Amino acid sequence: MFRLRLKNTHVFLLLLLYNVSTRTGQSLRLPMRKDCVPPLGDSCIEIRQCQFFVDLLDKSHSPRSKQVIRIIRNHHCGFEGDSPKVCCFTSKLHSDTPKGINIDVSQHENLDLLPLESCGYIRDEFRIINGYKTVIFEFPWMVLIAYKMEHGIDLACSGSLINDRYVLTAAHCVLNLNLEFIRIGEHNIETERDCNYIKGVCAPPVQDVTVEKVVVHPEYVAKSFKNDIALIRLSNKVEFSQPHIKPICLPFGKNAELNLDRRFGVISGWGITETGFKSTELLKTYIPIISNDDCKKLYDKRSLISPEQICAGGFKGRDSCGGDSGGPLTLVGKINSTVRYIQYGIVSYGPKHCGTDGQPGVYTRITHYMKWILDHLEPS
């Protein structure tokens, strides 16, 4: 079924890999990659033989988004007749996650404190990743952490709302820092009301909620960012009745067993962009997750990539950056047969220069910490 559909889009794929006609009327083929190396792949093969592109070009991704086009162009490495070839991983896929790292929490007494019926909701208009800008209501679990500084209030790290009293973030975002409040329901920091004028809708005002307490993982190591995870308990319960404030889903059961290697995830935040300044508007991008073994090869030998971490990114200009710390790395999955966003990672650290080609960012692997998270949740 896939092969027939791909054949019908053959002209589309060929057009993607050529420039538009020049003034002389000639068409110029885009430069092709000579070598296929992680995080792009390890071999140059015909596109229909690469399972990643079989999934990427599935009908659920149609119409083609700009992000899908970028991915195809980034992986393009040649042709086999008229069929495009792409960089792809062909070596046997394995999980470098040790047995026992994903502790089963499906019977945990606090699992019912996670709002499984209302988390990670994906509206139909948001199913296609179509660029870097987000629209209101797209990621309603995103929060900003406000710090009290000498010059005033600074909105720096991010986090994710996991229930009506708790925010999940990175330990380095809260340890020994003066938290002033948590901003919930934000989209554009500079606007008093966030509106989608095309659809004629506006979001309710943001909520600034003070912090009751912070729980940092007791084995957090600042030097290596090991166990870079923390929980923030809010002073007041937040309501999920408005569309701009909703919780994200967390992985457990079969979702916790998912091998993430070579899948694509979504990151979002207000961090530093290619301009060198923080974004005033919530942005997103689509990044590949690579195995820890491949990640170790790409990083300096002094960098210890542990099984409790995830490596993702490594594409020029597509990465989390300063100010995105503590934010979520999410994948699309199913909760009770419904397609949802599920958070698998927390932005922890990355290369000195964000978005460096071949240098992925490092994220805290949430599946390893699900028991710790549930152990520290208290009823509202």
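The values are calculated or read from the model by the stated rules, or taken from the named source; none is laboratory data. Quick caveat, the model's predicted, so the values are computed rather than measured. For neighbour counting, all protein chains shown are included, and Cβ atoms are generated from backbone atoms with ideal geometry for every residue, glycine included.
Looking across segment 200-224, the residues that are in contact (Cβ under 8 Å) with a residue 40 or more places away in the chain, under 21 Å from L144 (Cβ atoms) and part of a loop (DSSP other than H, G, I, E, B) come down to A203, P204.
Among the residues of this structure, R233 does not count as one that is farther than 19 Å from K284 by Cα, surrounded by fewer than 21 Cβ atoms within 10 Å (Cβ to Cβ) and in contact with a Cys (Cβ under 7 Å, 6 or more places away or on another chain).
A quick yes/no check of all residues on (1) assigned to a loop (DSSP other than H, G, I, E, B); (2) of a type in the set (D, E); (3) farther than 30 Å from I373 by Cβ; (4) at pLDDT 80 or above:
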| site | (1), (2), (3), (4) |
| --- | --- |
| L40 | yes, no, yes, no |
| I71 | no, no, yes, no |
| T90 | yes, no, yes, no |
| L93 | yes, no, no, no |
| S106 | yes, no, no, yes |
| E109 | yes, yes, no, yes |
| P115 | yes, no, no, yes |
| C119 | yes, no, no, yes |
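Out of all the residues in segment 157-173, which are out of contact with any Asp or Glu (no Cβ under 7 Å at 6 or more places or on another chain) and buried (at least 20 other Cβ atoms within 10 Å of the Cβ)?
As a first pass, look at segment 157-173 and keep what is out of contact with any Asp or Glu (no Cβ under 7 Å at 6 or more places or on another chain): 157, 159-169, 173.
Within segment 157-173, C157, G159, S160, L161, I162, N163, R165, Y166, V167, L168, T169, C173 meet the criteria.
When L282, L258, L250 are screened for being buried (at least 20 other Cβ atoms within 10 Å of the Cβ) and closer than 24 Å to V105 by Cα, only L250 passes. Just to be sure I understand, how many residues within segment 264-278 are farther than 15 Å from V362 by Cα and modelled with pLDDT under 85? Summing the residues that are farther than 15 Å from V362 by Cα and modelled with pLDDT under 85 in segment 264-278 gives 8.
Report yes if some residue within segment 218-228 is under 25 Å from V332 (Cα atoms) and either modelled with pLDDT under 95 or in contact with a strand residue (DSSP E or B) (Cβ under 6 Å, 6 or more places away or on another chain) (or both); otherwise report no.
Pass one, segment 218-228, residues under 25 Å from V332 (Cα atoms): 227-228.
With either modelled with pLDDT under 95 or in contact with a strand residue (DSSP E or B) (Cβ under 6 Å, 6 or more places away or on another chain) (or both) added as a condition, the list becomes 228.
Yes, some residue in segment 218-228 is under 25 Å from V332 (Cα atoms) and either modelled with pLDDT under 95 or in contact with a strand residue (DSSP E or B) (Cβ under 6 Å, 6 or more places away or on another chain) (or both).
Among the residues of segment 131-158, those that are under 18 Å from the mean Cα position of the chain (by Cα) and on the phi > 0 side of the Ramachandran plot comprise G131, F137.
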